[in-house]
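One structure is given here, and the rest of the page talks about it.
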Amino acid sequence: MRFYTNKHKHYCGIDLHARKMYVCVIDEDGNVLVHCNCNANPAEFLRAIAPFREGLIVGVECMFAWYWLADLCRKEGIEFVLGHAFYMKLIHGAKAKSDKLDSLKIARLLRGGNFPLAYVYPKEMRATRDLMRRRNSLVRARASLMTHIQNTVTQYNLPALGVDLRYEGSRHQVAELFTDPEARKIIEVDVAMIDSY
């Protein structure tokens, strides 16, 4: 695990959510300069950090809504780092937890050289990565449906399937093995979903 260890004049920790964010800026001595809850949009973020932009580093825990903030920081010439969500949880996980506390902890992790880094995907590559991730989840869902068909065949003590469920022509015959109309419907639904995936 790599940690961010560079020194700065100001450290900004943000607990980012889809619509809101808690911003905490501390100086090199650890003094809290700003600690505010604001809407997650560029104008409010830039207004909150305006007096502290000189020597500023912005750190955010990796979650689904960080793209816009990384792009804004890049455009504005502000250094941006992304924290690895799993390792950050291990480091600063505690009983007392709130957005306000989390933003302060993120700023302190940055300042102390304990901020675990995640890779900030360049804007040009993100859509391709997201498409590949989405495809993986769809492939897993399709495999789960195929497993469900196999398990249902076993559950009803039918002979082993002599067809390969990966191929469209052969999987449409499977429902005919079931005499119970409800069981047949379950298999038909599974097959229709596999066809969609």
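Brief remarks follow.
- Qualifying residue in the stretch 84-99 (condition: acidic (Asp, Glu) and open to solvent by less than 50 Å² (accessible area, probe 1.4 Å)): no
- Among the conditions (1) open to solvent by less than 70 Å² (accessible area, probe 1.4 Å); (2) acidic (Asp, Glu); (3) in contact with a His (Cβ under 9 Å, 6 or more places away or on another chain), ASP71 misses just one, which is (3).
- If the condition is being more than 21 Å from THR5 (Cβ to Cβ), open to solvent by less than 50 Å² (accessible area, probe 1.4 Å) and part of a strand (DSSP E or B), then the stretch 24-40 contributes VAL34, CYS36, CYS38.
- Positions within the stretch 156-186 being in a helix (DSSP H, G or I) and over 40 Å from the mean Cα position of the chain (by Cα), in sequence order: GLU176, LEU177, PRO181
- The set of residues in the stretch 41-94 that are over 15 Å from LYS105 (Cβ atoms), charged (D, E, K, R) and in a helix (DSSP H, G or I) comprises GLU44, ARG47, ASP71, ARG74, LYS75, GLU76.
- Evaluation of GLY77 against (1) under 17 Å from the mean Cα position of the chain (by Cα); (2) open to solvent by 20 Å² or more (accessible area, probe 1.4 Å) (one fails), failing number: (1)
- Long-range neighbours under 9 Å by Cβ, at least six apart or interchain, first residue small (Gly, Ala, Ser) within the stretch 166-186, second loosely packed, with under 13 Cβ neighbours inside 10 Å and in a helix (DSSP H, G or I): ALA175/LYS185; ALA183/GLN155
- Lone qualifier among HIS35, HIS84 - being touching a residue at least 40 places away in the same chain (Cβ under 8 Å) and farther than 18 Å from TYR121 by Cβ: HIS35
- When restricted to residues that are β-branched (Val, Ile, Thr), out of contact with any Gly (no Cβ under 9 Å at 6 or more places or on another chain) and without any contact (Cβ under 8 Å) to a residue 12 or more places away in the chain, the stretch 143-165 contains 2.
- Failed item in (1) under 23 Å from ALA18 (Cβ atoms); (2) in contact (Cβ under 8 Å) with a residue 12 or more places away in the chain, with LEU138 passing the rest: (1)
- Taken over the stretch 114-164, the criterion of being under 18 Å from GLU182 (Cα atoms) and among the hydroxyl-bearing types (Ser, Thr, Tyr) is satisfied by THR152, THR154, TYR156.
- Of the residues ARG111, ARG129, ARG140, ARG135, the single one that is open to solvent by 60 Å² or more (accessible area, probe 1.4 Å), touching a Phe, Trp or Tyr at 6+ places or on another chain (Cβ under 7 Å) and either part of a helix (DSSP H, G or I) or aliphatic (A, V, I, L, M) (or both) is ARG111.
The values are calculated or read from the model by the stated rules, or taken from the named source; none is laboratory data. Quick caveat: nothing in here was measured; it's all calculated off a predicted structure. We place every Cβ from the backbone using ideal geometry, glycine too, and count neighbours over all the protein chains shown. Areas reflect the complete protein model, heavy atoms only, side chains present, ligands, DNA and RNA absent. Shrake-Rupley method; radii C 1.70, N 1.55, O 1.52, S 1.80 Å.
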